[in-house]
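Q: Below is one structure. I have some questions about it.
What follows draws every value from the coordinates through simple rules; no lab data is involved. Predicted model, so just to flag it, every value in this text is computed and none were measured. Counting neighbours? That spans all protein chains shown, and the Cβs are built from the backbone with ideal geometry, glycine included.
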Amino acid sequence: MANIFKNAFYDPTTTAAQSVYVTPADSRAIIQNIQLTNQSGSKNVNVYVIDASAATTYQVAYASITGPTICNLAKGPIVLEEGDALLTQTSDTTNVSAIISIMEMNRNDENG
């Protein structure tokens, strides 16, 4: 089993929820950090997890922020199973971005 450290980036192009990361079919993942940067203005930010096994979407984080601000939206580890997805949504697409730190536990021996 290989542990693979990855980053996923969120640079919104729409105010709709956007898929930022989907757990591969041969892996589990731990979201360690969702670092959001808001350079200016006021924004509402939502983070959702789609539980693939239950076909259900859960809201796991919410923040109302005024920039300039940097904040962590993951207040603890978020475990994702095979096929689960992490989505992010913001009320305004300007001057906001995020980096998501992920540890993937892959059942294969190769890093990918």
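Q: Between Thr13, Thr88, Thr37, where does the largest GNM mean-square fluctuation fall for the chain, given springs only between Cα atoms within less than 10 Å?
A: In this elastic network of the chain, the residue with the biggest mean-square fluctuation among Thr13, Thr88, Thr37 is Thr13.
Q: What whole-number distance in Å separates the alpha-carbon centres of the stretch 16-34 and the stretch 68-112?
A: Here the two parts' Cα centres lie 6 Å apart.
Q: Order of Arg107, Arg28 from fewest to most other C-beta atoms within 10 Å?
A: Fewest to most other Cβ atoms nearby, the residues stand as Arg107, Arg28.
Q: Lys and Arg at +1, Asp and Glu at -1: add these up for the other residues within a Cβ distance under 14 Å of Arg28 and post the number. Walk me through the numbers on the way to the answer.
A: Working: positive: Lys6, Arg107; negative: Asp26, Asp51, Glu81, Glu82, Asp84, Glu104.
Here the count lands on -4.
Q: Label Ile4 and Glu81 with points 7 Å out from Cα along Cα→Cβ: what is the distance between them in nm?
A: Each label point lies 7 Å from its Cα, and together they span 2.1 nm.
Q: For the chain, set up a GNM with springs between Cα atoms under 10 Å and report which of Ala74, Ala25, Ala54 has the largest fluctuation.
A: Evaluated over the chain, the most mobile residue of the options is Ala54.
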